[in-house]
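Participant: Structure provided below as structure tokens; questions to follow.
Laboratory data are not the source of any read-out in this text; all were calculated from the coordinates shown. It should be emphasised that the depicted structure is a prediction, and the values quoted were computed from it without experimental measurement. Cβ atoms come from the backbone with ideal geometry, glycine included; neighbour counts cover every protein chain shown.
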Amino acid sequence: MDNGSVVTSFILNAYTELEDHRYLYFTGFLLLFILMVLANVILITVIYIEHCLHEPMYFFMCNLAVNGIYGSISLLPSILGYLLSHTYEISLAACLLQIFCIHSHAAVEFCILAVMGYDRYVATCHPLHYHQLMSHRKVCALIALSWFYSFTVFGLYFILTVQRTFCGMIIEKLHCINFELVKLSCVEISIQSKVGFVVTVFLLVPQLFMILFSYAQILRICLHASKESRGKAIQTCTPHLLAVINYIVGLLFEFIQSRFNMTHVPYKARIFMSLYFLIIPPLSNPVIYGIRITAI
């Protein structure tokens, strides 16, 4: 392949569908960005100030909020900038940076949700030993592992993308996604697709197994518990279950519209599907968990 055909910038083509009402969309995304950051900052601040909230569950909530801010900053400022611009070109370096931030955010989110599932299992099934099993040191280790594991696993795979050269320029999204960028590669991508599948398994299956195991044990305990204990367990676990279901729905939306032919679906619906897991969970998680905190 002639080096002259290798591109170093890309066109985010989805913005052409938003041109007619760009200022309306800009206002909507700006309000979303402000709400997402504000809601998560409030949650973090309240947990930090209220000493009675210095418990494992709230530390995990705090990290979920930090990751929500990280994901919001990775995506929405660039969308706001392009909505005010008449050029939708993004450099290779900026595209790669956005890909790493967005994918690492998604991986960290699911890891923290898995750890929170384990925390709910310990709180429900071993309440008398909860503080022993979820000591401050263990909580810190679980939080550090969630971030380190996510960044490392995706980072090792991301090296394959960084080393590629690209010949296509059009990305049919509002933002850069690894699979969409790899499809523009100058050479065959089947090996990287297989490696990507393995990486996806490592970033989803252990966490999903931990969540399913935790709730299977919680369900087993609830079946033999008193009505009062069962109600308390449901109250404790419902916010986490809502957050997990919300996030999995977003991942399914992204997987379906990235891997299958969606030409029969309206373009703006596809845009919503691609943004769901990056916008809705960071916006809804502080609300889902915040309503349980009296201080808020």
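Participant: Hand me the tally of lysine pairs in the range 135-239: alpha carbons under 30 angstrom apart, and the pair either on different chains or 8 or more positions apart.
Facilitator: Numbers: Lys138/Lys232; Lys173/Lys183; Lys173/Lys194; Lys183/Lys194.
Lysine pairs, 8 or more places apart or on different chains, close enough: 4.
Participant: What is the fewest-to-most order of Thr200, Thr8, Thr124 by other Cβ atoms lying within 10 Å of their Cβ?
Facilitator: Numbers: Thr200 16, Thr8 11, Thr124 23.
By the 10 Å Cβ count, ascending, the order reads Thr8, Thr200, Thr124.
Participant: Moving to a separate point now. Could you give each residue of the range 91-101 its phi-based ³J(HN,Hα) in whole Hz, using Karplus coefficients 6.51, -1.76, 1.60 with θ = phi - 60°, and x for Gly or Pro?
Facilitator: Using θ = phi - 60°, the values come out as 6, 4, 4, 5, 5, 5, 4, 5, 4, 5, 5 Hz.
Participant: With labels modelled as points extended 7 Å from the Cα through the Cβ direction, what inter-label distance (nm, one decimal) is found for Ile73 paired with Leu242?
Facilitator: 2.8 nm
Participant: If you don't mind, there's one more thing I want to ask. May I have the extent of the alpha carbons of the range 77-210 along their three principal axes, as whole Å values ordered from largest to smallest?
Facilitator: Between the extreme Cα coordinates on each principal axis of the range 77-210 lie 60, 38, 20 Å.
Participant: Kindly express, to the nearest 10 degrees and within the range 0 to 90, the angle between helix 190-223's C-alpha long axis and the longest C-alpha principal axis of the chain.
Facilitator: The answer is roughly 20 degrees.
Participant: Give the angle, between 0 and 90 degrees and rounded to the nearest 10, that separates the Cα long axis of helix 136-162 from the longest principal axis of the Cα atoms of the chain.
Facilitator: The helix 136-162 is inclined about 20 degrees to the chain.
Participant: Separate question: Spit out the partnerless Cys residues in the chain, using Cβ distances under 4.7 Å as the pairing rule.
Facilitator: Cys52, Cys62, Cys101, Cys111, Cys125, Cys140, Cys222, Cys237 - these cysteines have no disulfide-compatible partner (Cβ-Cβ under 4.7 Å) in the chain.
Participant: A further question follows. How high is the FRET efficiency from His136 to Ser226, r the C-beta distance, R0 30 Å, rounded to 0.05? Working shown, then result.
Facilitator: Details: r = 31 Å, r/R0 = 1.04.
So, using R0 = 30 Å, E works out to roughly 0.45.
Participant: Suppose a student asked you for the relative contact order of the range 3-290, using Cα pairs under 8 Å spaced at least 6 residues apart; what percent would you report? All intermediate terms of the calculation are to be shown ahead of the outcome.
Facilitator: Working: 315 pairs, mean separation 82.4, N = 288.
After rounding, I find 29 percent.
Participant: Which Rg and Dmax, in Å, describe the Cα atoms of the chain?
Facilitator: 20.8, 73
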